[in-house]
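Working notes, beginning with the structure itself.
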Amino acid sequence: MIKKISILKKIDEISRINKISLLISIDILINLSSTWLAFFFLLDHTHQISSFLSSPSNEQITVFMIFLCVTSIFFYFFKVYNSITKYLNLNSLIQIALASFSIILITSIILIYLAPYGVPRSISILQPLIFFSMIIFVRLSIRNIFSFAGSNNQKSIIIYGAGSAGLQFYNSISQNSNYKILYFIDDDKKKQGLKIDNIDIIPIQKAKKLIIKNDINLILLCIPSINIYAKRKIINYFSDLRVKIKILPGLETLINNKVLYEDFLDVGLDELLERDSKIDSNETKNEIQDSVILVTGAGGSIGSEICKQVLVHHPKKLILVDNSEFNLYSITNKINSIQKSNDQNTEVVSKLVDIVNLNRLEIVFKEHLPNLVFHAAAYKHLPIVEENIIEAVINNVYGTKNVIEAGIKYKIRKFLLISTDKAVRATSAMGLTKRLSELLVQAYSDNLREKAPTLSMVRFGNVINSSGSIIPLFRNQINQGGPITITHPDVTRYFMTIPEAVSLVLYSMYISKGGEVFVLKMGKPVKILDIAKKMISFSGLKEKSNEFPDGDIEIKYIGLRKGEKIHEELFFESIDGKENVLTDDKPIMIEKEKFIPFPELEKMLKEISILIDNNSDKELLQMLKAKIT
């Protein structure tokens, strides 16, 4: 058996053109054999058969050539050789059938016209039928041999959803020998008990026993319209099984609405933490519609989502600012694709500008005169910032100062800083730079008093799947076979999904009046250890530990990183000792926090500038810790 598989692997390594040449040679032999058999069956007199077998006439030899030529033409026309034989499916069979029907039609006309002596006219029907039968038999045999040989390495799959998306995906994967669809699951009772291509459609209640019985590796949730609550219910139902679950996103995210395996996403914390923020998009729309919007850090995880959500409200112009060419290219392509699919005409401007360069920044503001500015640009990866303190201060602090001053100079209407929970009682260099950025916004806002623009900020914790999130890190570690590394067993973090956080960011811009610190209610902090364990389970794997030494993925504790806290905070002490919570159902709070007055902050910035010029990063860090924590 092993030898046979080895031979098939060698055949599989042959170049495509050589495989086609081999297949054409086989088809020629089948064609000649079919013509020979057709003559044999149709020549009913003994002397005719004997004569044909010993020395066929020129007319009969001509018929052999006619069938070869006509078959070659129609097999080329119907692209029979474009199909991969070991993945033969219904479409391939239809191609061969259409070619065979065309052969019957054309050869009938040719033979009626030529009327060759000693050639029965009915051969134009019998030969293509014999040829079709033999070629299908050979094609199916090849497919079955490869299928049987590769069955040991196949992943057994259940498709959850027997609707149009499920069928599209089944059609795309049925040709792939690496996967075998065993069942469809569907909640529609009318579909349950029916079959798709001889595959049973079952209710979810029967699935668990069948998953265990058939050692099924993977469930693909193929219902793009499903809401988060139904999705969460399905995932929890299978949580006690070692089966991997992948989810199809909304059809609007797919290319040409075609469902491919690559489109499915791993189950993440989105399915556990996503909440309905109940934001009235009409209120946000009133602020954004027909306005000129500028987003710094437009190519980042938060910035790009701001751009996409802003676009929904039809701004007059959207200015994308980023200092990374690749990030700017990516978000520009995404925005253009969204515009094209929704037939929108918002003007999109992409600017490869570093916010540290005030002159270049002012040229952008002068040329496009933005009304609203979302400032998301920042260095935020904690270990990197910790090793590059001066660069972080220049970018996060002076970059913010530049954006504010450019906005004031060119009369923007509103400015909103995207901040982080790490700014609260900061222990890291990144947190300190973001806290100083917050103080800049508050000081400038207080200094302006009733004058425009409105300057505010919004603070929140970790967002799932952002570039700085632990979720992509854990996924990568699981894919590599582990271990998952965690700093401390008790470490907790606040989490929110990117779309939810950004919808609240947009609403914060709408309600801002100047100087506010908007804090997004993140729910209860989540234990990182619990996240790791759930992600292992969702991957169809088991944690490796002293209790389960035969597990798949080990969890290792590596100790807190420099400047890292076990528990994050979202608030400082407010001025009046109270938290000013919005009275409606929006998950946003407004904090009234103490801040450094503008003249004092200007003096501090001059001291910081001297330390930067002297490259005194340690002294700079000590100064920030002493004055702003």
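Read-outs: derived from the displayed coordinates by stated rules, not from any lab. Since we're looking at a predicted model, the values are computed, not measured. All Cβ positions, glycine included, derive from the backbone under ideal geometry; neighbour counts span all protein chains shown.
Rank these for me by crowding, 374, 101, going from fewest to most other beta carbons within 10 Å.
With the fewest neighbours first, 374, 101 line up as 101, 374.
For a test of the definition: using alpha carbon positions, the gyration tensor, and the 1.5 limit on a/c, classify region 174-213 as rounded, prolate or oblate.
Numbers: a/c = 2.77, a/b = 1.34, b/c = 2.07.
Oblate shape, in that a/c is at least 1.5 and b/c is the bigger or equal ratio.
Along region 357-363, what does the Karplus equation 6.51 cos²θ - 1.76 cosθ + 1.60 (θ = phi - 60°) give for ³J(HN,Hα), rounded to whole Hz, x for Gly and Pro?
For region 357-363, the Karplus curve yields 8, 4, 4, 5, 5, 5, 4 Hz.
Quick query: amide H of residue 160 versus all other amide H atoms, modeled in the peptide plane; which residues come in under 5 Å with a sequence gap of 5 or more or a different chain?
Under 5 Å from the amide H of residue 160: 185, 220, 221, 222.
What nm distance separates the two modelled labels at residue 164 and residue 618, each placed 7 Å from Cα along Cα→Cβ?
Rounded to a tenth, the inter-label distance reads 6.6 nm.
May I ask you to derive the relative contact order of region 158-241, considering only C-alpha pairs under 8 Å and at least 6 residues apart, and to give it as an integer percent?
Relative contact order comes out at 34 percent.
Filter 190/213; 209/231; 334/422; 351/513; 233/317 down to the pairs with a C-alpha to C-alpha distance above 32 Å, please.
233/317
Each residue of region 22-33 in turn: what ³J(HN,Hα) in whole Hz from Karplus with 6.51, -1.76, 1.60 and θ = phi - 60°, glycine and Pro shown as x?
5, 5, 4, 4, 4, 5, 5, 4, 5, 5, 5, 5
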